[in-house]
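**Q** First the structure, which I've put down as structure tokens, then a few questions once you've had a look.
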Ligand code: BT5
């Protein structure tokens, strides 16, 4: 069904076509063509009835079929106008055995950050979760958080926003938080069953509507212009797919875009604070901090960049 809808869309993208011609080309009935055209219209595609039949005149700015249309990565999109949390939905899909699905929402009503903190997700953002089943041990899963950070940073930089990565899971512009990433997983020690990588991208939202403690910003605010969320989401998913297909490329790309390396940092870890200069990142995602007592490797924690002393 969904596949036929894509074929109708692809055929229309090639130029205006009549109902009978589409029916012939796709080997479906004229009634089926009409039904798919109506469904596409309901999803926001503008398809005009012209002399030669149907003409595609506008692709919607956001939504599942819109993001799938022209997407160069093997993900199916599960799209929602409003949902409590895309990560929670992706976990449910994982329990049903799904794979390579992206849950996408315009608004979340119960978005979550790390440690069950709230993630404010008004309409206009790109709130998404990628569900995948990589053939890796559990211990390697943090590399997918880094891959997501690189993917969004690349897409933001292509869109003219000076985004950088702050360890472990933020994308920032001049220290202001643009994106947060939350990775969840399940499996046995030697093999991940599934990984859900949630990305909260402040796209076309007003920073004033977000909690001020994290000093938030958005793509629209930084550019002075709204971002095309369809194209931006596609770029993120394509970059993420490239990185997950070549795990060795993740760390070098991360280093290239990191703002944390070379900075004085204070990381609040479960074993207490670690303070010093962040000198490197180590697979699958640990930060190496040069402290007064020598190098310390931290795998998790909240990281503050300190002013140079
Ligand atoms: C994160 O947590 O940064 C991870 C956020 C992941 C959100 C995505 S959205 C799609 C998917 N579905 C979900 O339910 N979650 C994921 P953390 O480092 O714990 O940061 C949380 C803190 O950031 C909060 O305590 C606030 O201070 C701040 N914050 C909340 N909403 C924000 C926003 N939209 N922009 C910037 N900062 C925000």
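**Q** Return the total of residues in the stretch 198-222 being in contact (Cβ under 8 Å) with a residue 12 or more places away in the chain and either more than 9 Å from the ligand (Cβ to nearest atom) or at positive phi (or both). Give the derivation first.
**A** As a first pass, look at the stretch 198-222 and keep what is in contact (Cβ under 8 Å) with a residue 12 or more places away in the chain: 198-207, 209-211, 214-222.
Filter once more, so that each one left must be either more than 9 Å from the ligand (Cβ to nearest atom) or at positive phi (or both): 203-204, 206, 215, 219-222.
Residues meeting the conditions: 8.
**Q** Is it the case that the stretch 87-100 has a residue that's surrounded by fewer than 19 Cβ atoms within 10 Å (Cβ to Cβ), at pLDDT 95 or above, under 23 Å from residue 207 (Cβ atoms) and within 13 Å of the ligand (Cβ to nearest atom)?
**A** No, the stretch 87-100 contains no residue that is surrounded by fewer than 19 Cβ atoms within 10 Å (Cβ to Cβ), at pLDDT 95 or above, under 23 Å from residue 207 (Cβ atoms) and within 13 Å of the ligand (Cβ to nearest atom).
**Q** If you don't mind, there's one more thing I want to ask. Using beta carbons and a limit of 7 Å, which pairs, at least six apart or on different chains, have the first residue in the stretch 114-129 and more than 16 Å from residue 197 (Cα to Cα) and the second one assigned to a helix (DSSP H, G or I) and more than 8 Å from the ligand (Cβ to nearest atom)?
**A** 122/209
**Q** List the number of the failed condition for residue 178; all other conditions in (1) in contact (Cβ under 8 Å) with a residue 12 or more places away in the chain; (2) more than 22 Å from residue 303 (Cα to Cα) hold.
**A** Condition (2) is where residue 178 drops out.
**Q** Return the residues of the stretch 103-131 that are under 13 Å from the mean Cα position of the chain (by Cα) and either surrounded by fewer than 19 Cβ atoms within 10 Å (Cβ to Cβ) or more than 11 Å from the ligand (Cβ to nearest atom) (or both); say none if nothing qualifies.
**A** Across the stretch 103-131, the qualifying residues are 106, 131.
**Q** I'd like the residue in the stretch 84-102 that is in contact (Cβ under 8 Å) with a residue 40 or more places away in the chain and over 15 Å from the mean Cα position of the chain (by Cα) and, out of all such residues, is farthest from residue 270 (Cα to Cα).
**A** 99
**Q** All but one of (1) surrounded by 13 or more Cβ atoms within 10 Å (Cβ to Cβ); (2) without any contact (Cβ under 8 Å) to a residue 24 or more places away in the chain hold for residue 17; state the number of the condition that does not hold.
**A** (2)
**Q** Name the pairs: first residue in the stretch 56-78 and at positive phi, second residue surrounded by fewer than 19 Cβ atoms within 10 Å (Cβ to Cβ) and outside any strand (DSSP E or B), Cβ to Cβ under 8 Å, at least 6 apart or on different chains?
**A** 63/43; 63/44
**Q** For the list (1) assigned to a loop (DSSP other than H, G, I, E, B); (2) exposed (fewer than 15 other Cβ atoms within 10 Å of the Cβ); (3) touching a strand residue (DSSP E or B) at 6+ places or on another chain (Cβ under 8 Å), I need the number of the one condition that residue 300 fails.
**A** All conditions pass for residue 300, except number (2).
**Q** Among the helices (runs of 4 or more DSSP H) lying completely within the stretch 29-143, list those that include at least 1 residues that are more than 28 Å from residue 245 (Cβ to Cβ) and in contact with a strand residue (DSSP E or B) (Cβ under 7 Å, 6 or more places away or on another chain).
**A** Answer list for the stretch 29-143: 30-42.
**Q** Just to verify a result, which residue in the stretch 188-206, among those that are more than 20 Å from the chain's Cα centre (by Cα) and either closer than 16 Å to residue 83 by Cβ or in a loop (DSSP other than H, G, I, E, B) (or both), is modelled with the highest pLDDT?
**A** Checking each candidate, the answer is 190.
The values are calculated or read from the model by the stated rules, or taken from the named source; none is laboratory data. Bear in mind the structure is a predicted one, so any value in this text is a computation, not a measurement. Here Cβ is always computed from backbone atoms with ideal geometry, including for glycine, and neighbour counts include all displayed protein chains.
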